[in-house]
Structures are given as C-alpha cells and as structure tokens.
Amino acid sequence: MKIPLMDISCEKSILNEIQEKIYSIILRNDFINGKEIELFENNFAKFVNNNYCVSCSNGTDALILALKTLNITNNDKVIVPVNTFIATAEAVTAVGAKIVFVDSQPDSLEINYQQIADILENDTKKEIKAIIPVHLYGHMNNIFLIQEIAKKFNIKVIEDSSQAHGAKYKNISPGELSDIATYSFYPGKNLGAFGDAGALTTNNYDYYIKAKMLRNHGRYNKKYEHEIEGYNMRLDTIQAAILDVKLKYLSQYNQMRKQKAALYNSLLENTGDLILPIFDNDIYQDVWYIYTIRTEFRDKLQNYLLENNIQTGIYYPIPLHLQKAYRYLNYDKGKFPKAEKIANEILALPLWPFIQDDTIYYICKKIKEFY
C-alpha cells in the first residue's frame, strides 16, 4: 500500500456536476469573462464573509493585484515572513517594492508580532507601507494583533490566505478586518481548480473596482475603453465554474479535514519529541490544508516513512532569506533562528478529506515504531 501526501481527485458525484458545467460552457463558447466568473466571485465573497471578490489567474497574481491596488510601488517596503512560499516575496519585488523579512513566533509558526512592531518603530523614514502575514497550513495568524500594529503605524495589511480557505481567527475570516485578502486555488488547495486560479477579497468598494480593472487591461465594463494601465490576469470561465461547484462542498470537506487532524493529534500525543500543531477550536478555526509535525529527527523519520510507502512533505525546507534568489538582501544564516529551526524540523503527513481512518492509524503506528 502506497500512501500519497494528498489525493486531489474529485468524488464522482462532484466530477459529474463539473463535467456538465464545462460542457455547457463549451457549447456557449463562453471562455473569457463568462457568467460563471461573477457567480463564483459572489459566492466566494459570501463564503469568506467579505463584500467583494475579484478572481484572477493565480495566487501570485492575486498578491500583485493587491499590492498595485494599494499603490505599493517603487522603493516602498513591505514586511514578509521568511517562513512561506516564495510567491509572497516575489509579488513584492514584482511591483518594484522592497522586501523586509521577519521571523516566526517563538512558540508557533505564525509571523513574529513583536519583531514587526520593532521594525516599524525603527522605520523613521516611513518607508514601510504594508505587511503580508501568511496564514500557513490552514491556520490563521492573530489578525486582531496585526491590525492593531498596522493602525498604530498607518500601514496596509494584505492577508496571504492561499492556504486558508474558510479558516477563521475568533470567528473572523481573512479580509474582514484587513485591507485585502488573497487566495490561491492551485489544485492541491482546500478549494482547488483544475489548473491555476486565484482571487482577492475585500470590504472596500474602491479597492474592488481598481483590482477588477487592473486584472483586465485597465477596463471596467466596455471592451476597448481603458481607464488605467492594467494586466491580463483574468480567471478562465471554465475554472470559475469548477471552483463554484467545489465551493458548495468546501465546508463539509474542511470539517472532514479537521476530524482527520484531530485523529492524528490524539494518536500522536506524547510520541517521542514530536511537536504537534495547535488545536484550539475556541480561538483558531483551522481548515487543515496540511497536517504538520515537528521533530529534530525529521530527515530520518521521513526516510523511515518512505521505506514504509508513506509519502510526506516539507513546507518549507529553506527559509526565504537563505534562498539564492535573495542573496542580494545580505541576510546571513542565523538571522531568523526560529524560521531556520522550523525548516529543519517540519514534516507534513498525508491528509485529505477522504483519507481513511485506518490509513491514519497505520501512519501513526509506523511513527511510533520509529521512536
């Protein structure tokens, strides 16, 4: 028995529904800016309790659109955590801004709140214009604390929610308190397309209109009337239709992920040196994009599980400040010790909504055998 890290195949009932949608779009030749775009945007905005949604080509473009919408431009600075996928930082430099990296929290995988405040206190020239907290693995940061810091220093907040479809912190969704939240609908995500797709959400009407124009060559309604310079970052109609079908099942599937994560936690409690993820339903309403453990014996454990046909993953093995792409920023090893420690210890175990309990029992049995 080979156990994958995740299984992104659709249930047959959903697949049939999706096929019908795709077929109808093909018959209508309605591939660009079709009616399914607005339908999905309205439904997703409602799902995440935001007023507006602007769909786009992928999660990276969603971040770029968000930054451009907030007028982040040349030589502005943006705070980004080092423990994230490179897309978060790439979007900053794509608009001509500069990256300011920060470490993780001492006791969790969240962004380091005190370090953010310290950096902003020392920003005497007021060059830092925004912060992009990343809600990793389906777990939200403390958005109340982030907003408190942002308001004190008058900076914008863009929540990178690419791994947090439906997640909440104290019953607050991404984008409810901040300026903009962005999402990726990469196939492996909780809400995944059949290809690349993304979106941003907001409660600010002006941001909504500007982002909508930016993603479609700077035009709002009329085809050849361009109010600003923009981009070609539209979402395909077919992908919107697929996402809208899958969105109807997302709450159910997120709940199933939560149950699987709870089973992992109960079975792995007090096993070796394992650090298990936070499971606090009163504060964090996580959606468990992935289930991660931490151990000083990560590489040995990963190899042992692979020998037993269990695939695992590392999110992420190299913190951004140590990537070759960012050598020009001159960050040395040891600059962000918490993130570096996480990168050496983190391990993702197999998780998807329909993973069998027996499979989780087997995985945990093998982990206990390792110890």
Requested in this report: Within the set of other residues whose C-beta is less than 11 Å from the C-beta of PRO187, count the net charge using Lys and Arg as +1 and Asp and Glu as -1.
Outcome: +1
Query raised in the report: What is the pair-distance distribution P(r) of the stretch 1-155, computed from all Cα-Cα distances in 5 Å bins starting at 0, with each bin given as a whole percent?
Result: 2, 7, 13, 15, 17, 14, 10, 9, 7, 4, 2, 0
Query - Proximal lysines relative to LYS341, as straight alpha-carbon distance under 17 Å, when same-chain residues fewer than 8 apart are discounted - result: LYS300, LYS333
Report summary line: Amide H proximity to ILE128 below 5 Å, modelled H, separation 5+ or other chain, gives LYS77
Query raised in the report: Given a Förster radius of 22 Å and the C-beta distance between LYS98 and GLU148 as r, what FRET efficiency does 1/(1 + (r/R0)^6) yield to the nearest 0.05?
Result: 0.35
Report summary line: Here the percent of antiparallel bridges among DSSP beta bridges lying wholly in the stretch 66-212, to the nearest 5, is 30
**Report entry** Apportionment of accessible area to carbon and sulfur, the stretch 33-121, percent (1.4 Å)
**Finding:** 43
Report summary line: So for R0 = 35 Å, FRET eff. of SER24-LYS170 from the Cβ-Cβ r, to 0.05, ends up at 0.30
**Report entry** Calculated log₁₀ intensity ratio I(q)/I(0) where the Debye formula runs over C-alpha points of the chain, q = 0.07, 0.10, 0.12 Å⁻¹
**Finding:** -0.31, -0.64, -0.92
Query raised in the report: Roughly how many Å is it from the Cα centre of the stretch 227-302 to that of the stretch 44-65, as a whole number?
Result: 18
**Report entry** Full-extension gain in nm, ASP280 to LEU5, via 0.36 nm per residue minus C-alpha separation
**Finding:** 96.6 nm
Report task. Answer rounded, prolate or oblate for the stretch 86-126, using the Cα gyration tensor with square roots of eigenvalues a ≥ b ≥ c: rounded when a/c is under 1.5, else prolate when a/b is larger than b/c, else oblate. Result -> oblate
Query raised in the report: So what is the relative contact order of the chain, in percent, for Cα pairs below 8 Å that sit 6 or more residues apart?
Result: 22
Report task. Decide, for the stretch 110-199, between rounded, prolate and oblate: order the square roots of the alpha carbon gyration tensor eigenvalues as a ≥ b ≥ c, take rounded if a/c falls under 1.5, and otherwise choose prolate if a/b is larger than b/c, else oblate. Result -> prolate
Query raised in the report: Excluding the sites themselves, what is the longest stretch of the chain that contains no trypsin sites (Lys or Arg not before Pro) in a DSSP loop with at most 13 other C-beta atoms within 10 Å?
Result: 3-124
**Report entry** Residues of type lysines that LYS189 reaches as a straight line, Cα spacing below 20 Å, ignoring anything fewer than 8 places off in the same chain
**Finding:** LYS12, LYS46, LYS168, LYS246, LYS248, LYS258, LYS260
Query raised in the report: For the chain, with every protein chain kept in place, what is the accessible area per residue (1.4 Å probe, Å²)?
Result: 46
**Report entry** Residue range of the chain that is longest and free of GluC sites (Glu not before Pro) which are both DSSP loop and sparsely packed (at most 11 other C-beta within 10 Å)
**Finding:** 1-224
Report summary line: Of every hundred units of 1.4 Å-probe accessible area on the stretch 168-303, the number belonging to carbon and sulfur atoms, as a percent, is 45
Query raised in the report: Which net charge results when you count Lys and Arg as +1 and Asp and Glu as -1 among the other residues whose beta-carbon is under 14 Å from that of LYS2?
Result: -1
Query - Additional length obtainable on full extension of the chain from GLU225 to ILE32, 0.36 nm per residue less Cα span - result: 67.8 nm
Query raised in the report: At a 1.4 Å probe radius, carbon and sulfur cover how many percent of the accessible area of the stretch 318-371?
Result: 48
Query raised in the report: Put a dot 7 Å past each Cα toward the Cβ at ASN309 and THR73; how far apart are the dots in nm?
Result: 5.9
Query raised in the report: For the stretch 120-131, what does the Karplus curve 6.51 cos²θ - 1.76 cosθ + 1.60, with θ = phi - 60°, yield as ³J(HN,Hα) per residue in whole Hz, taken in order and with x for Gly and Pro?
Result: 5, 4, 8, 7, 5, 8, 6, 8, 7, 10, 7, 9
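The values are calculated or read from the model by the stated rules, or taken from the named source; none is laboratory data. Small disclaimer: the values here were computed from a predicted structure and weren't measured. A quick note on method: Cβ atoms are made from the backbone with ideal geometry, for glycine too, and the neighbour counts reach across all protein chains shown. Surface accessibility is based on the protein's heavy atoms, side chains included, excluding ligands, DNA and RNA. Shrake-Rupley method; radii C 1.70, N 1.55, O 1.52, S 1.80 Å.
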